[in-house]
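The numbers here are math on the coordinates, done by the rules we state, and not lab data. Please read all numbers here as calculations on a predicted model, not as lab measurements. Neighbour counts run over all protein chains shown; Cβ positions are idealised from the backbone, glycine included.
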Amino acid sequence: AAPPCQEVIVSITPCLSFIKGQPDPAPGCCSGAKGLAKQANTKQDRQGICECLKGVLPKIGPYDPKRFPLIAQKCGINTLIPPISATTDCTK
């Protein structure tokens, strides 16, 4: 089952400064993202995580959805993280 939304929020919170424009993700961002990647085993898990982020992110203020895929790249995670915005289709 997908991790609870609260757990997703806690995992991704250290990444907020990065998706808002800071040059590098904080160490806590990488560890949180790696933990989430380990829990995103099925399409259903990934959809749950996506829906959670899609619902929460608009509340943090302006951010760049295109920086999400960079988290995986900069943290050495081999999971594809799509850009996530209010219009992201989490079924894909």
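Just a few scattered comments:
- Mean ellipticity per residue at 222 nm, deg cm²/dmol - from DSSP H runs of n ≥ 4 across the chain, formula -39500 (n - 2.57): -14500 deg cm²/dmol
- Extension gain (nm, one decimal) between Ala86 and Lys20, 0.36 nm per residue minus Cα-Cα: 22.2 nm
- Of (1) 15.5, 46; (2) 11.7, 33; (3) 20.9, 65, the label for Rg and Dmax of the Cα atoms in Å derived from the coordinates: (2)
- In a simple Cβ point-charge model (Lys, Arg +1; Asp, Glu -1; nothing else charged), region 5-75 has a dipole of about 140 debye relative to its Cα centre.
- Simple spin-label estimate for Thr79 and Asp64 in nanometres, 7 Å along Cα-Cβ: 2.3 nm
- Partners for Lys74 among aspartates and glutamates (Cα-Cα distance below 14 Å; same-chain residues under 8 apart left out): Asp24
- Cα gyration tensor category, rounded, prolate or oblate, for region 1-52 with a/c compared to 1.5: prolate
- Partner lysines whose Cα lies under 22 Å from the Cα of Lys43, excluding those fewer than 8 positions away in the same chain, are identified as Lys34, Lys54, Lys66, Lys92.
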